[in-house]
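The values are calculated or read from the model by the stated rules, or taken from the named source; none is laboratory data. Computed from a prediction, not measured in an experiment: that's the story for all the values here. Quick reminder, even Gly has a Cβ in these numbers, built from the backbone with ideal geometry, and neighbours come from all protein chains shown.
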Amino acid sequence: MTPSRRWLDTGIALIGIVVFPSAALHAQTCNATTPTAAPTCNVSLNAVATVSHLLQLTVTGGSQTNLASPLATTYDSSAAAGSTPGLYPVGANPGPTVVVKANRGWQLTISAGASNWTFTPDATYHLCRPLGGSYPTCTGSSNSTAGELSTDLAWSIDPVNAFAGLSTTASTIVSNSTGSTATFTLYYRVKWLYASDVPGTYTVPVVFTVTGQ
């Protein structure tokens, strides 16, 4: 036997000494000796599982909600609605569907990802919003001076009632003190104004958040 082979064989033997007896250290054995007619013994082994925190939020409807393009009647209705979100014209009916799954108490909130809508001017009409800069950049059309406010988008989980303006401050949609599954459909209404809402593409991020309670 060469020295290298002798070392290899010894190494294998040592590994066997360390590994194989370890199973026996965790084994439980009972020996049945009584009663004579039917000797019986029992071994009890715990089944153990660690349950992690589960908070799952799913929003269906694609990567964006396509709101209805405003018509003359939409602008007219917006003017009549004033600052009452529940009277804003229907923007998307319905909007996205939100699904919550949790094994503990939870709270679902909604907020705007920005205080103003971003604005991309129409490539044909070449108009920026009032005080919104000059075409083609319209750099000021999404700021607090010239931008459409996020609160001009109103939301509710009721198609008719309880609409509120979308704010950068999170608003509670619903909360539950225990684990559960729940599904909600969002409804949107939007206020459009003749004087400021010129042709173009308007976008505001809507953020849904689920938090353990």
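Brief remarks on what is shown
- Meets criteria (touching a helix residue (DSSP H, G or I) at 6+ places or on another chain (Cβ under 8 Å) and not in a loop (DSSP other than H, G, I, E, B)) for ALA182: no
- Residue within region 136-145 that is loosely packed, with under 13 Cβ neighbours inside 10 Å, assigned to a loop (DSSP other than H, G, I, E, B) and over 31 Å from the mean Cα position of the chain (by Cα) present: yes
- Region 178-192: number of residues that are surrounded by fewer than 19 Cβ atoms within 10 Å (Cβ to Cβ) and either more than 20 Å from ALA112 (Cα to Cα) or hydroxyl-bearing (Ser, Thr, Tyr) (or both): 7
- Members of region 162-177 that are assigned to a loop (DSSP other than H, G, I, E, B), surrounded by 15 or more Cβ atoms within 10 Å (Cβ to Cβ) and either at pLDDT below 95 or not small (Gly, Ala, Ser) (or both): PHE163, LEU166
- GLY113, sole failed condition from (1) surrounded by 13 or more Cβ atoms within 10 Å (Cβ to Cβ); (2) of a type outside the set (A, V, I, L, M, F, W, C); (3) in contact with a strand residue (DSSP E or B) (Cβ under 7 Å, 6 or more places away or on another chain): (1)
- Entry remark, region 90-127: residues being under 22 Å from the mean Cα position of the chain (by Cα), part of a loop (DSSP other than H, G, I, E, B) and either more than 17 Å from SER167 (Cβ to Cβ) or not aromatic (Phe, Trp, Tyr) (or both) number 10 in total.
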